[in-house]
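Presented below is the structure to which this report refers.
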Amino acid sequence: MPAQRADARRNYARILAVAEDEVAAHGADASLEQIARTAGVGSATVRRHFPTRRALLEAVFRERIEALAARAGELAEADDVRAALLEWLGALTAYSASARGLAAVVVRDGESGTGHENACAARLTEAGGPLLRRAERAGAVAPGVTMADLLTLIAGIALATERHPDPAAEADRLLALAVAGISPRG
């Protein structure tokens, strides 16, 4: 693949920076046209770099998703498998509650006709899967709970607390309530 031109790299970085601000302010439905205007580029330039809204949103969240994946890897061999899974779910919940738009990206199916995989959900599933499997084998999680279940739960909590005066605290409280159902003690 040929190297990207310097102006194309600058446009990409500028679009991504503006998109981060717009998504933080308006969530997953942030206006692509407004992003283009604020970045000082045309709509076609935005679409050239990000052919779908999902591609743009995934780029906005990529770095933090990778940090969460790395944290799951660090916790994968923890002695207390229940605590490791709950710590990771807590970190995912905190980020989801603070990052407007992420919940919508994680739970949406691929966009119609694009054949586009949900990369955010796939990466989180890949990263959290070993934690969940270890917790299930240890009896720390009810049998049959899947990563898709947990991601949907976290996304639901994030969406439900989005307009709460303290979304992070409320999300943490709701996760604690849910944990009683997904992770029985003994």
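Measuring with a 1.4 Å probe in the full set of protein chains, what accessible area per residue, in whole Å², belongs to the chain? Can you show the working numbers first?
Values: 9690 Å² over 186 residues.
Dividing the accessible area of the chain by its residue count gives 52 Å².
Among Val18, Ala44, Ala78, whose Cα sits farthest toward the positive end of the charge dipole of region 1-97 (+1 at Cβ of Lys/Arg, -1 at Cβ of Asp/Glu, about the Cα centre)?
Ala44
For a Förster distance of 30 Å, can you work out the FRET efficiency between the beta-carbons of Ala168 and Glu66, rounded to the nearest 0.05?
Numbers: r = 21 Å, r/R0 = 0.70.
The computed FRET efficiency comes out at 0.90.
Here are labelled values, [x] 26.0, 87; [y] 18.1, 59; [z] 15.4, 44, and one is the computed Rg and Dmax of the Cα atoms in Å for what I pasted. Which one?
[y]
How many nm is it between the label spots at Thr146 and Arg9, if each spot is 7 Å from the Cα in line with the beta carbon?
Result: 4.2 nm between the two label points.
In a GNM of the chain with a 10 Å cut-off on Cα contacts, which of Glu63, Glu20, Glu136 has the highest mean-square fluctuation?
Looking only at Glu63, Glu20, Glu136, the biggest GNM fluctuation is shown by Glu63.
Please report the carbon-and-sulfur percent of the accessible area for the chain; probe 1.4 Å, protein heavy atoms only, DNA, RNA and ligands left out. Intermediate results must be reported in sequence, preceding the final value.
Details: 5140 of 9690 Å².
For the chain, the apolar C and S fraction of the accessible surface comes to 53 percent.
In whole percent, what relative contact order does the chain give with Cα contacts below 8 Å and a gap of six or more residues?
22 percent
The values are calculated or read from the model by the stated rules, or taken from the named source; none is laboratory data. Please read all numbers here as calculations on a predicted model, not as lab measurements. Heads up, the Cβs are rebuilt from the backbone with ideal geometry, glycines too, and the neighbour counts pull from every protein chain shown. Areas reflect the complete protein model, heavy atoms only, side chains present, ligands, DNA and RNA absent. Shrake-Rupley method; radii C 1.70, N 1.55, O 1.52, S 1.80 Å.
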